[in-house]
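See structure below.
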Amino acid sequence: MESFSELNDQELIKKLEALKEDLADIENEKNFTSNQSGLHLSSAKIISQIKEFDSEISILNKQLSECCNEVEKRNLPKV
């Protein structure tokens, strides 16, 4: 995992924006997948996909929290 303290201010803000976008994309993908009623997938496959999404969301939330902490520490404007 990347150390946010090693990034300069501009890189840190860009990383924060990218993490927010990635999180939104994964959450949208999870919602889209879980709301598909016409797909003929086994429930085990759907559960597996949802668990995968949840894992990715958890990782992104942790990274986002760490990045936000570094932004606050530097008194940078939040995006």
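Taking the conditions exactly as written (surrounded by 14 or more Cβ atoms within 10 Å (Cβ to Cβ) and at pLDDT 95 or above), does Glu27 satisfy them or not? Even if it seems obvious, please write down each step before you answer.
Details: surrounded by 14 or more Cβ atoms within 10 Å (Cβ to Cβ): yes; at pLDDT 95 or above: yes.
Yes; evaluated as a whole, the condition is true for this residue.
Restricted to segment 1-37, and to residues there that are among the β-branched types (Val, Ile, Thr) and touching a Leu at 6+ places or on another chain (Cβ under 7 Å), the residue that is nearest to Val79 (Cα to Cα) is Ile13.
Contact map, segment 48-77: first residue among the basic types (Lys, Arg), second residue assigned to a helix (DSSP H, G or I), Cβ cut-off under 8 Å, separation 6 or more or different chains; pairs are Arg74/Asp9; Arg74/Leu12.
Pairs are defined by a Cβ separation below 8 Å, a sequence spacing of at least 6 or placement on different chains, a first member in segment 1-21 that is within 11 Å of Cys67 (Cβ to Cβ), and a second member that is basic (Lys, Arg) and in a helix (DSSP H, G or I); the pairs so defined are Glu2/Lys15; Phe4/Lys15; Leu7/Lys15.
Residue check: is Lys20 surrounded by 15 or more Cβ atoms within 10 Å (Cβ to Cβ) and not hydrophobic (A, V, I, L, M, F, W, C)? So Lys20 passes the test.
A quick yes/no check of all residues on (1) surrounded by 12 or more Cβ atoms within 10 Å (Cβ to Cβ); (2) touching a Pro at 6+ places or on another chain (Cβ under 7 Å); (3) charged (D, E, K, R):
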site: Asn35; (1), (2), (3): no, no, no
site: Ser43; (1), (2), (3): no, no, no
site: Phe53; (1), (2), (3): yes, no, no
site: Asn61; (1), (2), (3): yes, no, no
site: Cys67; (1), (2), (3): yes, no, no
site: Lys73; (1), (2), (3): no, no, yes
site: Leu76; (1), (2), (3): yes, no, no
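Residues of segment 40-71 that are more than 16 Å from Ser3 (Cβ to Cβ) and of a type in the set (Asp, Glu): Glu52, Asp54, Glu56.
Does segment 60-73 contain any residue that is among the small types (Gly, Ala, Ser) and modelled with pLDDT of 95 or more? Show your work before the answer.
Taking segment 60-73 first, the residues among the small types (Gly, Ala, Ser) are 65.
From what's left, modelled with pLDDT of 95 or more: 65.
Yes, some residue in segment 60-73 is among the small types (Gly, Ala, Ser) and modelled with pLDDT of 95 or more.
Here is a check on your reading of the model: is Gln49 part of a helix (DSSP H, G or I), at pLDDT below 95 and within 18 Å of the chain's Cα centre (by Cα)?
Details: part of a helix (DSSP H, G or I): yes; at pLDDT below 95: yes; within 18 Å of the chain's Cα centre (by Cα): yes.
In short, yes.
The values are calculated or read from the model by the stated rules, or taken from the named source; none is laboratory data. Note that the coordinates shown come from a computational prediction; the quantities given were computed from them, not determined experimentally. Please note: Cβ atoms are built from the backbone with ideal geometry, for glycine as well, and neighbour counts cover all protein chains shown.
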